[in-house]
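The values are calculated or read from the model by the stated rules, or taken from the named source; none is laboratory data. Not measured: the values here are computed from a predicted model. Ideal geometry is used to build each Cβ from the backbone, glycine not excepted, and the neighbour counts take in all protein chains shown. Just the protein is used for accessible areas: all its heavy atoms, side chains included, with ligands, DNA and RNA removed. Shrake-Rupley method; radii C 1.70, N 1.55, O 1.52, S 1.80 Å.
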Amino acid sequence: QVQLVESGGGLVQPGGSLRLSCAASGSISSINAMGWYRQAPGKQRELVARITSGGSTNYADSVKGRFTISRDNAKNTVHLEMNSLKPEDTAVYSCNADGWLTPSRRAFNSWGQGTQVTVSS
């Protein structure tokens, strides 16, 4: 099994910054991609940013230029640097990772418990 633990959420004023972190642990052989998703009240969950093991990234159009995703493959961690935050960024942010388990070599796709980000004055 794989566990993902997020940290770094909270309350911030519009224009402010937050940094989210997510650490994966468990019977991990390798991780293909790690990403952040968010879900605001009454809305569907959406992809915020995703990064592959090779460092390729993709972002939601709404966060391009403001958010930066990074990854430490050796530590199985992923970070999301969020700048110029807007009230519409308010949501529960969840970490996701997919890859392969050891020793079973089965694929996994795991989610963290989510962390609340609130942007408000």
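For region 5-29, the set of residues classified as exposed (fewer than 13 other Cβ atoms within 10 Å of the Cβ) and among the aliphatic types (A, V, I, L, M) consists of L11 only.
Looking across R19, R66, one residue alone is on the phi < 0 side of the Ramachandran plot and touching a Ser or Thr at 6+ places or on another chain (Cβ under 6 Å). It is R66.
Residue-wise test of (1) at pLDDT 95 or above; (2) of a type outside the set (D, E, K, R); (3) open to solvent by 40 Å² or more (accessible area, probe 1.4 Å).
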{"position": "Q3", "(1), (2), (3)": "yes, yes, yes"}
{"position": "Y37", "(1), (2), (3)": "yes, yes, yes"}
{"position": "R50", "(1), (2), (3)": "yes, no, yes"}
{"position": "D61", "(1), (2), (3)": "yes, no, yes"}
{"position": "H79", "(1), (2), (3)": "yes, yes, no"}
{"position": "M82", "(1), (2), (3)": "yes, yes, no"}
{"position": "S94", "(1), (2), (3)": "yes, yes, no"}
{"position": "G99", "(1), (2), (3)": "yes, yes, no"}
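Quick check, is N32 open to solvent by less than 70 Å² (accessible area, probe 1.4 Å) and touching a residue at least 40 places away in the same chain (Cβ under 8 Å)? Yes. Evaluate the following for S56: is it in contact with a His (Cβ under 7 Å, 6 or more places away or on another chain), free of Cβ contacts under 8 Å to residues at least 40 places away in the same chain and over 16 Å from W111 (Cβ atoms)? So S56 fails the test. Among the residues of region 91-121, the ones that are in a strand (DSSP E or B), of a type outside the set (A, V, I, L, M, F, W, C) and under 14 Å from G8 (Cα atoms) come to 5 in all. E88 satisfies every condition listed in (1) surrounded by 12 or more Cβ atoms within 10 Å (Cβ to Cβ); (2) not in a loop (DSSP other than H, G, I, E, B) except (1). Among residues of region 71-85 that are touching a residue at least 40 places away in the same chain (Cβ under 8 Å) and closer than 24 Å to G16 by Cβ, those with a beta-carbon under 6 Å from a residue that is open to solvent by less than 40 Å² (accessible area, probe 1.4 Å) and part of a loop (DSSP other than H, G, I, E, B) at least six positions away or on a different chain give the pairs N83/R66; S84/R66; L85/G16.
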